[in-house]
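For reference, the structure discussed in these notes is given below.
The values are calculated or read from the model by the stated rules, or taken from the named source; none is laboratory data. Since this is a predicted model, take the numbers as computed values, not measurements. Neighbour counts run over all protein chains shown; Cβ positions are idealised from the backbone, glycine included. Keep in mind that these areas ignore ligands, DNA and RNA; they rest on the heavy atoms of the full protein, side chains included. Shrake-Rupley method; radii C 1.70, N 1.55, O 1.52, S 1.80 Å.
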Amino acid sequence: MVVFFVLIASGCVTRNYDSNMDLGKSQLNEENYLEAHEAFELAYKEGKTPKSRELMDLSGLLASGMKKYDEQDFESAKKDFEEATTYKAKYREGKQMVSKAEEMHPVSDSATIEAVVGNDEAKPAEETTEEGFKAEDEAATDTKGKEGSKDSDRALSKSQAEKLVKDYVDMENFSHLQIEYDHDAEKGDYIFHVFEVDDPSQKSGHKTTWGWYGVNKETKEVYEVM
C-alpha cells in the first residue's frame, strides 16, 4: 500500500515537471522569457534536474536583461546578456538562449554608447550658451553700439564650431579621429569632415570618413550632414 501511494505521488511530480517544462519551452518560442523563467522555476522545484536548472538560469538572465533594456538601463542589461553568453549550456534550448544573449549583447553595448553620446551632446550647447551669455553681458555694458556688439558676440567662430563638433562626436574618447573644416554651406553653416587615417605617421595616408557635420552659426546646433 505504501509503495502504491509513493508511485502515485511520483507520477504527479513527473506530470507537474513535464507540464511546466513544456510550458517554459512554449514561452521560449514566443520569446516570453519572464514567463518561461517562471515555468522552468516551477519545474526545477518539482524535479531539480540539470536541464530545468540550466533553462531556469538562462531564461532568468534574458528576462532580466530584456526588462532593463526596455527601461533603457543599457549598462545593467549588457551585464545580464554578457553573463548569459558565458553560460556553458548543454541543452538545445539553453544553447538557443545563449545565442540570443550573444545577439543582444552588442545591441545593448551600442545603445549604451548612444546614450552616453546623447548626454554629451547637451554639454557643448550648455557650455557654449554660457559663453555666449557672458559675452553678451560684457557687450551690454558698452552703451555705444550695444546691439551691434551683441550680434558680433553671437557670431560663431570657426574654431568654436570645431570644438562643438569635437564634443558632439566625443573625439576625446576616440583619439584616432581627426577633424578639418571643409566649407561653408549655402545657408552659411560651417561644414566639418571627421575622419581617421590608416597610417597617421604619413601625411598621404588613406582617409576613412567617420562623418560629416554641420554647425549653425546662429543657434550653435551641431547636426550630421547626410
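Quick rundown of the values:
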item	result
Count of residues meeting criterion [within 23 Å of E82 (Cβ to Cβ), out of contact with any Gly (no Cβ under 7 Å at 6 or more places or on another chain) and crowded, with 22+ Cβ neighbours inside 10 Å] in segment 25-52	2
Number of positions in segment 209-226 that are buried (at least 17 other Cβ atoms within 10 Å of the Cβ) and modelled with pLDDT of 90 or more	6
Count - residues of segment 53-108 that are in a helix (DSSP H, G or I), open to solvent by less than 90 Å² (accessible area, probe 1.4 Å), under 17 Å from A39 (Cβ atoms) and not charged (D, E, K, R)	12
Count of segment 157-180 residues which are more than 15 Å from N216 (Cβ to Cβ) and open to solvent by 70 Å² or more (accessible area, probe 1.4 Å)	7
